[in-house]
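Right, one structure below, let's go through it.
Every read-out reported here was derived from the displayed coordinates using simple, explicitly stated rules and does not represent laboratory data. This one's a predicted model, so the numbers in the text were calculated from it and none came from an experiment. Cβ sites come from the backbone with ideal geometry, for glycine too, and all protein chains shown count toward neighbours.
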Amino acid sequence: MSYYSISRLQMYNSCPQKYKYRYIDKIIPPKGEVHLNALVGICVHKTLETIYREYMSTNKWLTFEEIETIFLEIWQSQNEENIVIVHISQDPEEFKKEGLQILKEYHEKEKEEGKKDQTIAVERPFFVTLGEYRLKAIIDRIDYRKKDIFIIHDYKTTSHFPERKNLEEDFQLPLYQMAVEETYPDCKEIHLTWHFLRFNKSITITKSERAIEDIKTSIEDNIRTIELDRDYLPQQTPLCDYCPYQDICSAHRHRFLLESMEEYSQEEGFQIVQKLENLAYQIKKHNYEAKKLEDEKKEWEQVAQDFALKNDFSALTGENHVLTIERKNEISFPDSKDMARSALESFLKENNLWERVSNLYGPKVKGLLADSSLDKKILDELMGFSYIKEKVTLRLKQKKI
Ligand code: SF4
């Protein structure tokens, strides 16, 4: 039986190459190395865990001063040397303040709403069996409400607030629901609640039995996709900045190589990119110039037409070429911008001719005029929609010697 966890699936779905380094090659990131953004999330989670453990054992809701002390102790307990600052502008003190602010707002909201439910588990690990796979889940918090209602809580410290429909598609909390259903078979109803702590907002949804079954199938499909993957392609996103495998990853390794060189302008990969960049620039420039020349050509064709009309010429002679100007009057029918178009369309439909003209394709409509089997009245009426349009064709031909 293969073992998976939500974080393992999420890692694959966010970047298959990162997954390969972590779970196939088993390269463990340096221990204790935590980015400041993630550090806020870890410390806030650990503080909330302590608050609710305390609440479970004493039924006492801590004051914010007590919460602040807990948070600062947790923050200090992280080895500061192992905090990785991704951008030089990042100040750990700012992140610490942010963590405290998140907890302050959360505490105030909970105090205002009053604790209605009984907390029965925090950071509780569960296992769920899905066919031939076993999945481990650690649930942030489970509350119990009267009438066998269970509420699964999950804390998020992400800096974006998702749309509800994205949460409807998420499989993390539904998987937790499967775990709770397995563990508490008497439960009547399960609510799934996400707390977006940076926004001090929560979203709760419930899932039908059918939806849970669909999610089980999609998780199994997800695992099968992972097991069949042989390429583990990198998925570059802004999150690469936080990835511990950046220096070995195929998407970033060349950049690191260049950064390690004193002089890289002759390096082969760098030169290839420069060559392609230059070609792309030239193509863009030529396209732009070609477009300008096309416009200029149209203007000169108009000048040629006007000159030929004024002087009654149908051909103009140059050094090596002759320009012929052919003027022809043609029967035309209203085009899509013409108000008469819909009347013509109705007329053709009423007379069962619509199918024959392929959505008013011009030559086919004209073809109807040559159909002697059609009633004369219809032909006359159709002719009434037509008008005469002058068509001018210019051809530049090599001069005959
Ligand atoms: S650096 Fe980015 S692309 Fe490379 S493994 Fe990490 S997440 Fe994937």
Between helix 268-311 and the chain: long-axis angle, C-alpha atoms, 0 to 90°, nearest 10: 30
Point-charge dipole on Cβ atoms (K/R +1, D/E -1) for segment 110-182, about Cα centre, debye to 20: 220
Loop GluC sites (Glu not before Pro), segment 113-214, which have at most 15 other Cβ atoms in a 10 Å radius of their Cβ (DSSP): 132, 163
Potential lengthening between residue 257 and residue 118 on full extension [0.36 nm per residue; Cα-Cα distance subtracted]: 44.5 nm
Sparse-neighbourhood loop sites, trypsin sites (Lys or Arg not before Pro) in segment 97-168 - DSSP loop, at most 15 other Cβ within 10 angstrom: 115, 116, 146, 147
Under 16 Å from the Cα of residue 146 - lysines, other chains or at least 8 residues apart: 115, 116, 188
Label-point gap, in nm, between residue 374 and residue 24 - each point 7 angstrom along Cα→Cβ: 6.5
Filtered chymotrypsin sites (Phe, Trp or Tyr not before Pro), segment 119-227: DSSP coil and at most 16 other beta carbons within 10 Å: 199
Extension gain from residue 268 to residue 241, taking 0.36 nm per residue of separation minus the Cα-Cα distance: 7.1 nm
Spatial extent of the chain: Rg and Dmax, with the Cα atoms as the point set, Å: 36.1, 109
Hydrodynamic radius of segment 117-229 per Kirkwood, over alpha carbon pairs, in Å: 14.8
Stretchable slack from residue 159 to residue 210, in nm (0.36 nm times residue separation minus alpha-carbon distance): 15.2 nm
